[in-house]
1. Take each of the peptides 191-202, 336-347, average the number of other beta-carbon atoms within 10 Å over its residues, and list them starting from the highest.
2. With each pseudo-label sitting 7 Å past Cα toward Cβ, what's the T75-N191 distance in nm, one decimal?
3. Quote to one decimal, in nm, the extra length available between E214 and S398 on full extension: 0.36 nm per residue of separation minus the C-alpha distance between them.
4. Pull up the cross-link candidates among the aspartates and glutamates for K210, meaning alpha carbon to alpha carbon under 13 Å and not fewer than 8 places away within one chain.
5. If contacts are Cα pairs under 8 angstrom and at least 6 residues apart, what is the relative contact order of the stretch 115-258 in percent?
6. So what are the ³J(HN,Hα) numbers for the stretch 407-424, from phi and the Karplus equation (6.51, -1.76, 1.60; θ = phi - 60°), rounded to whole Hz, Gly and Pro as x?
7. State the percent of C-alpha pairs, over all pairs in the stretch 121-187, separated by a distance greater than 20 angstrom.
8. Can you pull the Kirkwood radius for the stretch 98-143, inverse mean 1/r over Cα pairs, to one decimal in Å?
Amino acid sequence: MESEKSNLGSLIIGSYARPSWTILFLLFTLITILSIQLSTTTSSLFPPNWALIRRQQQQQSFPSSPSSSASDPITCSGFFRKLPKRKVVMSIEDFGGVGDGVTSNTEAFRRAIRYMQRFQDRGGSQLNIPNGTWLTAPFNLTSDFTLFLNQGALLLASQEVKEWPIIEPLPSYGRGRERLGGRHISLIHGNGIKNVIITGDNGTVDGQGKMWWELWWNRTLEHTRGHLLELINSDNVLISNLTFRNSPFWTIHPVYCRNVVVKGMTILAPLNAPNTDGIDPDSSTNVCIEDNYIESGDDLVAIKSGWDQYGITMALPSTNIIVRRVSGTTPTCSGVGIGSEMSGGISNITIEDLHVWNSAAGVRMKSDKGRGGYIFNVSMSNIRMERVKIPIRFSRGSNDHPDDGWDSNAVPRFKDISISNIVSVNSTKAPVLEGVEGSSFEGLCFKNITLHGIAASTKWRCEYVSGFATEVFPVPCPEIKNTRCSPS
């Protein structure tokens with residue numbers, strides 16, 4: 001071995017006097033081997049940050065906002081005001097809960113909430129749900145409260161219709177969304193509460209919605225189905241790090257709320273399950289929806305604000321809503337929809353960094369005669385679509401009204417809507433822009449949009465709209481002038 005080292009040293013030294021390709025090749029081989037060993041050692045000490053790598057890849061495809069970086073992605077989670085550690089932490093087992101998947105825990109949950117109400121404004125409380133299957137009917141939350149589902153915890157909704165109470169319709173809807181009169185309460189419900197956290201270590205809430213979907217399919221549904229989670233007139237809410245699945249109706253529905261963050265959620269429903277929207281902020285302000293994965297039989301996210309004359313009268317808009325880094329699929333609806341219930345007005349909406357595939361539409365605005373209201377100051381950007389039938393769609397004509405009191409002269413207004421930086425592959429149709437007769441469009445702008453899979457000769461379908469476009473393929477309809485966007 002020593003002689004080999006000596007010979008190698010002699011060759012290296014000699015190479016200074018008589019350089020040769022053989023010596024250079026040996027040097028290159030030695031350096032390469034050392035580099036590989038160093039790289040392997042370094043990787044074992046500092047494993048790759050795959051989350052960071054994915055963010056960097058995304059940013060290569062879609063430039064981030066100036067305020068974001070790979071290590072510190074832009075976030076709207078500051079809408080939720082941080083809270084001190086809860087003073088009282090207990091388990092559902094402390095209230096008689098049994099996680100065997102058979103025993104009803106409805107009374108255990110209600111006892112727990114009654115007990116924890118006493119800690120409102122006194123340090124707050126936390127209810128832990130351990131590993132197990134916890135069958136329960138709907139229950140209410142309280143203020144200054146955390147519901148925490150441990151890993152392996154499964155909250156299972158009761159299949160007894162009679163255990164889902166009927167509550168009053170929302171005043172901005174005037175009736176149940178599907179049936180006249182009242183509506184079923186949500187599985188997890190809160191009204192007029194504040195400083196609430198619903199989170200865990202990726203525990204699961206299962207609404208067992210098949211029973212409800214069959215009632216809808218069979219047309220035997222008597223009252224509007226309940227949501228999986230509904231919060232009414234509530235403030236400072238965080239919903240994170242859980243899996244919600246099989247909701248009877250819309251999955252997460254904050255209505256008349258302020259300062260709501262929905263982050264890091266997985267929301268699942270069969271792709272044919274009716275009206276199983278993922279997240280539907282409704283007449284709410286300061287809502288952050290980011291880093292969520294959704295599969296559903298309806299819109300992944302739908303922004304709403306009341307229905308026809310009832311929404312117009314209440315006049316409570318949805319405003320300051322951010323939808324960011326949401327991915328998923330819906331074969332019947334859209335990645336993000338605005339409307340069609342938008343009668344109280346919708347404004348200041350940011351939708352960005354979406355990934356939507358195998359879906360009917362990518363982004364969609366829905367309205368109609370009778371809705372009234374407005375959609376102002378909307379930005380949709382940095383969106384990837386794959387196998388999306390109609391990438392961009394404005395639609396009307398559902399003829400969907402709460403009762404005969406709607407006003408046919410109430411038409412929506414649209415202003416300052418920007419749709420940019422969109423790439424769609426394997427699309428089958430050009431955009432469809434169907435406005436409402438008599439409505440107004442100001443500042444509608446399309447920029448840097450490429451729809452692959454559609455022939456250059458394919459025409460957009462446009463009616464009752466007007467706007468501007470630049471760097472758009474295929475070329476838009478004549479109503480959308482092929483020129484730089486003009487300020488409204």
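1. The packing order, highest mean first, is 336-347, 191-202.
2. According to this spin-label approximation, the distance is 3.4 nm.
3. This chain segment gains 63.9 nm when fully extended.
4. Excluding near neighbours in sequence, the set is E160.
5. Here the relative contact order equals 24 percent.
6. 9, 5, 8, 7, 10, x, 10, 10, 8, 6, 10, 10, 10, 8, 6, 10, 10, 10
7. Distances greater than 20 Å cover 49 percent of the Cα pairs.
8. 11.4 Å
The values are calculated or read from the model by the stated rules, or taken from the named source; none is laboratory data. These numbers were taken from a predicted model, which means no experiment stands behind them. Please note: Cβ atoms are built from the backbone with ideal geometry, for glycine as well, and neighbour counts cover all protein chains shown. Just the protein is used for accessible areas: all its heavy atoms, side chains included, with ligands, DNA and RNA removed. Shrake-Rupley method; radii C 1.70, N 1.55, O 1.52, S 1.80 Å.
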